[in-house]
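Report on the structure given below.
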Amino acid sequence: MRAAAEINIFRSEVAFCREEVNRLERQSRRCNFRVVGLAGKSPEEDCASLVRSQILSKFPSITNAVEIEKCYREGRGQPNKPAHIVVRVASHEHKVDIMKQRRNALKDCPFFIVDDLTKRDLAEKRRWASQAKSLWDSGVKLRFYSGRWRGSLGEIYYFGPNP
């Protein structure tokens, strides 16, 4: 009986550590966003200048203020789909401004911008995406941030019974 209790303690500690690692990874991606669908010109391309000319130029109110810290392609991509470009900007406020204006600024473009989510957060978002869409269509406005689906006031929305 004692071994079973110890195993349960270890399981809870592992679960806590996984959550903490995910939280730290989420914090490290705080200033990142991904560009999906932007074709590259060559393997030696300068992603930062490509992002600045193709994307940030569409945000006239913040174009000059945004400083790109890092910019690189992640993965190999697929034959008809280019690899995502991960962009890290110097300021979280600039990222928030870009994310708020992206729908209007990029509405006629063949590419789009998304948050740079951790694997765990992306799995959680996909897990409830169809239910969230149904709720959105019925008038319940949900957003996914900080690893959870949230209501309009930032409260956590539970799709099943509350834990």
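I'm trying to understand the selection: among the residues of the range 126-138, which are in contact (Cβ under 8 Å) with a residue 24 or more places away in the chain and open to solvent by 60 Å² or more (accessible area, probe 1.4 Å)?
Of everything in the range 126-138, just one residue is in contact (Cβ under 8 Å) with a residue 24 or more places away in the chain and open to solvent by 60 Å² or more (accessible area, probe 1.4 Å), namely Gln131.
Quick check on the range 28-46: of everything there that is surrounded by 10 or more Cβ atoms within 10 Å (Cβ to Cβ) and without any contact (Cβ under 8 Å) to a residue 40 or more places away in the chain, which residue is farthest from His94 (Cα to Cα)?
So in the range 28-46, the residues surrounded by 10 or more Cβ atoms within 10 Å (Cβ to Cβ) come out as 28-40, 45-46.
Going one step further and asking which of them are without any contact (Cβ under 8 Å) to a residue 40 or more places away in the chain, we end up with 28, 45-46.
On the way: Ser28: 16, Glu45: 24, Asp46: 21 Å.
Restricting to residues being surrounded by 10 or more Cβ atoms within 10 Å (Cβ to Cβ) and without any contact (Cβ under 8 Å) to a residue 40 or more places away in the chain, the top hit is Glu45.
Could you check how many residues of the range 102-114 are open to solvent by 40 Å² or more (accessible area, probe 1.4 Å), within 17 Å of Asn32 (Cβ to Cβ) and not aromatic (Phe, Trp, Tyr)?
Just the residues of the range 102-114 that are open to solvent by 40 Å² or more (accessible area, probe 1.4 Å), to begin with: 102-104, 107-108, 110, 112, 114.
With within 17 Å of Asn32 (Cβ to Cβ) added as a condition, the list becomes 102, 112, 114.
Now narrow it down to the ones that are not aromatic (Phe, Trp, Tyr): 102, 114.
The number of residues fulfilling the criteria is 2.
Which condition does Lys119 not pass, out of (1) farther than 16 Å from Arg30 by Cβ; (2) within 16 Å of the chain's Cα centre (by Cα); (3) open to solvent by less than 80 Å² (accessible area, probe 1.4 Å), if it passes all the others?
Result: Lys119 fails condition (3) only.
Please name all residue pairs, on different chains or six or more residues apart, with Cβ atoms under 8 Å, provided the first residue is in the range 7-20 and is under 20 Å from Glu124 (Cβ atoms) and assigned to a helix (DSSP H, G or I) and the second residue is among the charged types (D, E, K, R) and open to solvent by 80 Å² or more (accessible area, probe 1.4 Å).
Short answer, once both residue conditions are applied: Arg18/Arg120.
Confirm whether Val86 is in contact (Cβ under 8 Å) with a residue 60 or more places away in the chain, part of a strand (DSSP E or B) and under 14 Å from Gly37 (Cα atoms). First the steps, then the outcome.
Numbers: in contact (Cβ under 8 Å) with a residue 60 or more places away in the chain: no; part of a strand (DSSP E or B): yes; under 14 Å from Gly37 (Cα atoms): yes.
So Val86 does not fit the description; no.
Got at least one residue in the range 139-153 being touching a Leu at 6+ places or on another chain (Cβ under 8 Å), in a helix (DSSP H, G or I), surrounded by 15 or more Cβ atoms within 10 Å (Cβ to Cβ) and not acidic (Asp, Glu)?
So far as the range 139-153 goes, no, none of its residues is touching a Leu at 6+ places or on another chain (Cβ under 8 Å), in a helix (DSSP H, G or I), surrounded by 15 or more Cβ atoms within 10 Å (Cβ to Cβ) and not acidic (Asp, Glu).
The values are calculated or read from the model by the stated rules, or taken from the named source; none is laboratory data. All values reported here derive from a predicted model rather than from experimental measurement. Positions of Cβ are backbone-derived with ideal geometry, glycine not excepted, and every protein chain shown enters the neighbour counts. Side chains are part of the model used for accessible areas, which takes the heavy atoms of the whole protein and leaves out ligands, DNA and RNA. Shrake-Rupley method; radii C 1.70, N 1.55, O 1.52, S 1.80 Å.
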